Amino acid sequence: MESVTMTNKPVLSFFASLPLFFAACGQQPPVPQAETPEQVRIVYIAKNVGNPYFDSIDRGFQKAAEELGFEFTHVGPPTAEATSQLPLIRQQIQRGVNVIAISPNSTDALNQAFSRAMDRGIIVLSVNSDITGSEAHRHGAILPMDFNITGSSQIELMGSLIDYEGKFAILSSTTDAPDQNFWIEGMKEALNDPQYENMELVTIVYGNDDPQKSLVEAEALLTRYPDLRGIISPTTVGIAAAAQAVESANRAPQVQVTGLGTPNQMRRFIENGTVEAFALWDPSNVGYVAGHLGTLLALGQLEAEAGARLETPAFGGFELGENAVVIAGPPLVFTKENINDFHF
Ligand code: RAM
């Protein structure tokens, strides 16, 4: 008995002293590995608060949480500016969550914080966009569609609305937004195709995913370019603001607004004819797949690598592609004919 007590004591005190050891090194101890789905704690950090798009993503996480039993919380910074999520990432590392799922506001400004989380054993997932060029700083990414065709399909949609002829502008979110910037690159590339030679991209402006600033930027475009034929806004905040500006200025159908929007925010403009067609996907799919993937990774039941497969009750199987990227669903185009089939 005596010897057991003797041998246990140093072992126990070694573990008990670990936090002190890590604190002395300026580090935090690793997050203990979750053994059951109920022990998994997932946080989702949105780009910013007050954007209904991210509420839809939340709903997807919640659905996955109901199926699997993980604990889900969500937070977001007041603005979508490049470093606004840094304090939130630090807080969540401190909390010792198992998974940080984040829609990043920069492709590189968060790298150090992500690496710190990964060093603590936290799974880091980029949700709804990737951090292209910084993939080593996250375990995987969950995208709503194949981003390689998002930009070109936006150009095709605008072309079809203006008979492939005339000036158009892009109203984006922030200058650092990883998803919007990736798509804008795709749009520029697509414009090299001879079928778009009579379409001219006159400018790119930024509304910062702030409804008021987006509206001001859209109004300025209408004033600055009296012969403008279109505005592509690849952000749900921007497209709603552009539609509002065009509606107030009575510039439809001469100015065609398209881009990526939620059916709920765009319904009015489709029904009153201000907007003819726009695209998106169901954002809740992204949260749902991220919830499932995050849980499996946190439990150590899946490796974040190309070829790994996960099964979900709602949508069946998904395979991780190159760079551990999962594509959650197909894109959708909304018009007067189908918009009332969608409620998000
Ligand atoms: C906005 C956000 C989001 C983007 C959608 C299309 O709500 O910027 O990241 O994917 O638009």
Legend entry - Subset of region 15-35 (residues that are modelled with pLDDT of 55 or more, surrounded by fewer than 11 Cβ atoms within 10 Å (Cβ to Cβ) and over 26 Å from Leu86 (Cβ atoms)): Ala16, Leu20, Glu35
Inset, instruction - Tell me which of these Arg59 doesn't satisfy, since it passes every other one: (1) touching a Leu at 6+ places or on another chain (Cβ under 9 Å); (2) away from the ligand (no atom under 13 Å from the Cβ). - result: (1)
Inset, instruction - Tell me, yes or no, whether region 110-122 has at least one residue that is closer than 25 Å to Gly207 by Cα and surrounded by 20 or more Cβ atoms within 10 Å (Cβ to Cβ). - result: yes
Inset, instruction - For region 313-329, name all the residues that are surrounded by fewer than 15 Cβ atoms within 10 Å (Cβ to Cβ) and touching a Phe, Trp or Tyr at 6+ places or on another chain (Cβ under 7 Å). - result: Ala314
Inset, instruction - Pick out the one residue from Leu310, Leu297 that is open to solvent by less than 50 Å² (accessible area, probe 1.4 Å), farther than 15 Å from Leu161 by Cβ and part of a helix (DSSP H, G or I). - result: Leu297
Legend entry - Qualifying residue in region 89-107 (condition: surrounded by fewer than 19 Cβ atoms within 10 Å (Cβ to Cβ) and either within 20 Å of Trp281 (Cβ to Cβ) or within 16 Å of the chain's Cα centre (by Cα) (or both)): no
Inset, instruction - Return the total of residues in region 204-262 being among the hydrophobic types (A, V, I, L, M, F, W, C), within 16 Å of the ligand (Cβ to nearest atom) and free of Cβ contacts under 8 Å to residues at least 24 places away in the same chain. - result: 0
Inset, instruction - Residue by residue through region 254-272, note down the ones that are in contact with a Lys or Arg (Cβ under 8 Å, 6 or more places away or on another chain) and either small (Gly, Ala, Ser) or surrounded by fewer than 19 Cβ atoms within 10 Å (Cβ to Cβ) (or both). - result: Gln254, Glu271
Legend entry - Close pairs from region 62-90: first within 16 Å of the ligand (Cβ to nearest atom), partner β-branched (Val, Ile, Thr) and open to solvent by 60 Å² or more (accessible area, probe 1.4 Å), Cβ under 7 Å, at least 6 apart: Gly76/Val49; Pro78/Val49
Inset, instruction - Hey, could you check region 273-287 for residues that are more than 30 Å from Phe70 (Cα to Cα) and within 21 Å of the chain's Cα centre (by Cα) and say which is surrounded by the fewest Cβ atoms within 10 Å (Cβ to Cβ)? - result: Ala279
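The values are calculated or read from the model by the stated rules, or taken from the named source; none is laboratory data. No experiment lies behind these values; they were computed from the predicted model shown. When we count neighbours, we look across all protein chains shown, and the Cβ atoms used for this are built from the backbone with ideal geometry, even at glycine. Please note that ligands, DNA and RNA were not included when accessible areas were found on the heavy atoms of the full protein model with its side chains. Shrake-Rupley method; radii C 1.70, N 1.55, O 1.52, S 1.80 Å.
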